[in-house]
Amino acid sequence: MSNCKFEEFIDGYLLNKLSERDKELFEEHYFNCTSCFEKLKERDVIIRTIKNHPQLLEQKEEVRASALASLWREVASFFTVRQLALAGVMALLAALVILAVIPRNQLPSPSFVLTDEETVRGSSITLISPVIDMNQPPAYFEWKKLGENVEYQITISNSEVLWKATTRENRIILPEEVKTRMKPGERYSWQVKAFGPDETLIAVSSRVQFKLSEK
Amino acid sequence: MTRKMEEDLQELIVRYRPIITFRVRKALGAQNTDCEDLVSEILSQVVEKIQTGEFRGESSLGTFVYTITSRRIIDYIREKTRVMKYAPEPEPYPDPRETLEVVEMSEKVKKALSRLKPKYREVLYLYYYQELNREEVAARLGVSPRKVSELVNYALKLIRKELKR
């Protein structure tokens with residue numbers, strides 16, 4: 001199959017990102033170019049499979065764990081038991097020294113402003129998605145998990161609070177009813193707070209903004 | 001009609017049916033039950049226009065077929081706009097009208113995706129699933145947009161390798 005300059009239009013066409021003019025140009029082109037049509041069909045199947053099975057791309061933790069396990073196996077086969085034991089003792093000593101020194105130099109925990117009157121000091125929560133401007137209301141909100149037995153409270157606001165919900169997962173689907181209240185051109189912010197088993201506030205994320213682009 | 005002409009028309013149908021089908025399904029949605037009828041109708045129009053001499057070779061045959069396809073799609077949308085408001089809910093994946101070839105390809109893609117290294121999975125997830133552009137993916141991963149293209153292209157190469165098995 002030869003390389004054709006129209007190949008770069010394939011993704012844009014399938015993801016509906018081309019301008020009307022480019023879309024028409026590319027459509028006319030693939031009626032004339034067998035190579036591009038074959039690639040288009042193939043890419044269509046790939047993208048649809050990804051869209052229908054995103055979980056195949058999300059199992060990152062599992063993969064990292066197996067990569068670590070194989071690395072460990074390689075290390076273990078390279079060193080003798082005595083060398084490994086010595087390395088273990090050295091690592092333990094290093095950890096003790098670090099633990100003894102670091103707390104004195106530790107920076108204070110970050111502060112988070114909750115309201116005009118209320119400020120807390122604590123650990124942060126990393127927000128994953130959405131963190132950039134979008135064409136349409138996001139399907140879900142996702143952040144990094146803190147641990148077990150944590151309840152998260154998410155708040156989405158523009159000039160006032162639009163939606164507030166709690167969950168024990170690190171991801172929440174945005175209800176259709178809320179999506180319909182989100183308007184193109186408006187800027188929204190979202191924040192997640194984490195509560196421990198006794199309902200004490202244990203962490204707060206920064207407030208991340210995103211804008212829904214004008215249609 | 002001569003035997004040669006009949007063979008040429010048969011060849012034309014074999015060549016353009018999948019292309020017209022792709023274009024129609026993209027425009028109307030794969031779940032639309034009228035797609036197949038519309039494709040057959042377009043092919044009949046093409047054959048008829050060639051037989052009556054309406055295609056005079058001023059443009060390429062592909063452009064001629066494309067023009068007829070696009071006009072018919074626009075007419076269909078105009079005719080059906082009101083009706084389609086009350087169309088049934090789309091059927092869930094997998095689409096029952098999906099060809100065996102596509103189902104097999106999709107299985108191979110799934111296999112290839114599950115074998116990819118995390119860096120490729122991550123870039124495909126952001127680029128194709130979340131539909132971020134190259135620059136946005138680059139900002140997320142802390143790499144250059146050029147690197148994003150390289151990662152996407154290499155991941156696609158690995159998937160294509162699986163498809164060819």
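The values are calculated or read from the model by the stated rules, or taken from the named source; none is laboratory data. Keep in mind it's a predicted model, so treat the numbers as computed, not measured. When we count neighbours, we look across all protein chains shown, and the Cβ atoms used for this are built from the backbone with ideal geometry, even at glycine.
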Margin query: Of everything in the range A:179-206, what is over 22 Å from A:Ile128 (Cα atoms) and of a type in the set (Val, Ile, Thr)? Give them in sequence order.
Written below: A:Thr180, A:Thr200
Next item on the list: Run down A:Val97, A:Val101, A:Val63, A:Val45 and say which single residue is modelled with pLDDT under 85, under 27 Å from the mean Cα position of the chain (by Cα), part of a helix (DSSP H, G or I) and among the β-branched types (Val, Ile, Thr).
Entry: A:Val63
Checklist line | strands (runs of 3 or more DSSP E) wholly inside the range A:141-187 containing at least 1 residues that are of a type in the set (Lys, Arg) | finding: A:161-167, A:171-173
Notebook entry, point to check: Filter the range B:1-42 for residues that are among the charged types (D, E, K, R), within 17 Å of the chain's Cα centre (by Cα) and within 14 Å of chain A (Cβ to nearest Cβ); which is farthest from A:Tyr13 (Cα to Cα)?
Noted result: B:Arg15
